[in-house]
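**Q** Quick one: the structure is below, questions incoming.
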Amino acid sequence: ILNSKGDAIGSGFYACSTDESVCAVVTNSHVARLSLADKSVYLVQGDKVSLGKVVKEKDTVNDLALIEVDTKTPVQQGAGPIELKPVEFADVKKDDAVFSSCYPTLGMKEVAINSGKVMKTDERLLVATGTPMLSPPSIVSDQVIIGGCSGGANFNAEGKLIGIMRASGSEGTIIIKPKHAIQLLEEFKEKKALEAQNPSK
């Protein structure tokens with residue numbers, strides 16, 4: 001995810017509501033804050049680029065935000081719109097192998113894959129970056145998170161999403177539980193349904 005100035009600010013993944021009627025890119029709300037409020041962001045996938053707009057409704061407690069994808073408006077710098085394939089969600093347990101996929105901001109030009117294992121599945125940790133705070137009950141892994149991986153997808157060995165990268169914690173990497181992303185997508189679906197019923201509001 002790049003902000004309107006073209007600076008890399010974080011990562012994300014494409015996901016849908018349970019009935020697949022509404023889809024969006026899921027990322028961290030602290031990534032969305034770096035997007036320069038209410039301006040377009042760029043969603044980059046290899047040499048493909050699409051525009052995106054940060055959805056106003058966010059889950060700041062669980063550090064989640066959504067970005068609507070515009071695949072119709074061409075971006076001159078890209079070789080076409082990004083390809084959208086929603087993730088499948090799965091549960092996770094202690095000692096499961098996990099793999100994160102993200103786009104680091106440290107001068108790397110390729111997607112980074114970071115592997116590790118789950119140490120805890122329901123832990124509150126002191127978030128080590130930004131304003132010190134305790135995380136909500138979260139998954140904790142021994143992966144190393146680097147700049148730009150915030151909001152990145154965390155997969156199990158079957159390629160299903162088990163959580164969302166958040167930040168380094170006092171005892172490991174904090175991974176947001178997928179149920180919170182699903183809930184945010186469901187709320188976004190309800191909002192869009194209300195807007196369709198009352199287009200003037």
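The values are calculated or read from the model by the stated rules, or taken from the named source; none is laboratory data. Computed from a predicted structure; not experimentally measured. Please note: Cβ atoms are built from the backbone with ideal geometry, for glycine as well, and neighbour counts cover all protein chains shown.
**Q** Kindly check whether there is at least one residue in the range 24-39 that is in a strand (DSSP E or B) and farther than 19 Å from CYS149 by Cα.
**A** No, the range 24-39 contains no residue that is in a strand (DSSP E or B) and farther than 19 Å from CYS149 by Cα.
**Q** Within the range 92-127, count every residue that is at pLDDT 95 or above and not in a strand (DSSP E or B).
**A** 5
For (1) in contact with a strand residue (DSSP E or B) (Cβ under 7 Å, 6 or more places away or on another chain); (2) without any contact (Cβ under 8 Å) to a residue 12 or more places away in the chain; (3) crowded, with 22+ Cβ neighbours inside 10 Å; (4) of a type in the set (Lys, Arg), each residue gets a yes or a no:
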site: ASP96; (1), (2), (3), (4): yes, no, no, no
site: SER101; (1), (2), (3), (4): yes, no, no, no
site: LYS117; (1), (2), (3), (4): yes, no, no, yes
site: ASP122; (1), (2), (3), (4): no, no, no, no
site: GLY147; (1), (2), (3), (4): no, no, no, no
site: GLU158; (1), (2), (3), (4): no, no, no, no
site: SER170; (1), (2), (3), (4): yes, no, no, no
site: PHE188; (1), (2), (3), (4): yes, no, no, no
site: GLU195; (1), (2), (3), (4): no, yes, no, no
